[in-house]
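Data first, discussion second: the structure below is written as structure tokens.
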Amino acid sequence: MTGPVDLPIPPLLAAKAAAQTQTSTTDQTAKDFEAVFLTQFVDEMMKTTGATAFGGEKQAEMWRSFMSEAVAKELVEQGGLGLSANVSQMINAYTTGSSAVKGSKP
């Protein structure tokens, strides 16, 4: 054989693959949202440490934002505050047009 072989993909498998891709995209979006939220939260906490913890006022301004983002991303990877699961659930409900969300009352 000299070229690639095109094998037909059954519609059910294609739909399942598309759903898995959508779920992973939704989960990543939810994690990104939680990371942005936690970055702001951690940055506000780090402002209370004072500039000397970072080597001075100018260094504090520059490095605090990088440190806040890194800490927030690590917190999300360790489970975060649990916001990403709720955000992911809400995104899925919105994209599917479902008004039924676990734990909500009609």
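The values are calculated or read from the model by the stated rules, or taken from the named source; none is laboratory data. It should be emphasised that the depicted structure is a prediction, and the values quoted were computed from it without experimental measurement. Here the Cβ positions follow ideal geometry from the backbone for every residue, glycine too, while neighbour counts run over all protein chains shown. Side chains included, ligands, DNA and RNA excluded: accessible areas come from the protein's heavy atoms. Shrake-Rupley method; radii C 1.70, N 1.55, O 1.52, S 1.80 Å.
For the range 71-89, the set of residues classified as open to solvent by 50 Å² or more (accessible area, probe 1.4 Å), assigned to a loop (DSSP other than H, G, I, E, B) and in contact with a helix residue (DSSP H, G or I) (Cβ under 9 Å, 6 or more places away or on another chain) consists of Leu81 only. Look at the range 55-73: where a residue is aromatic (Phe, Trp, Tyr) and a partner is in a helix (DSSP H, G or I), sitting 6+ places away or on another chain with Cβ atoms under 6 Å, you get Trp63/Phe54.
What about Thr95, is it among the hydroxyl-bearing types (Ser, Thr, Tyr) and open to solvent by 100 Å² or more (accessible area, probe 1.4 Å)?
Numbers: among the hydroxyl-bearing types (Ser, Thr, Tyr): yes; open to solvent by 100 Å² or more (accessible area, probe 1.4 Å): no.
Criteria not met by Thr95.
Residues of the range 27-40 include at least one that is open to solvent by 80 Å² or more (accessible area, probe 1.4 Å), farther than 23 Å from Thr95 by Cβ and at pLDDT 90 or above.
Remark: Leu13 matches the filter, which requires a residue to be in a helix (DSSP H, G or I), open to solvent by 70 Å² or more (accessible area, probe 1.4 Å), of a type in the set (A, V, I, L, M) and modelled with pLDDT under 70. Report the residue count in the range 41-54 for those that are outside any helix (DSSP H, G or I) and either surrounded by 11 or more Cβ atoms within 10 Å (Cβ to Cβ) or in contact (Cβ under 8 Å) with a residue 40 or more places away in the chain (or both). Total satisfying the criteria: 1.
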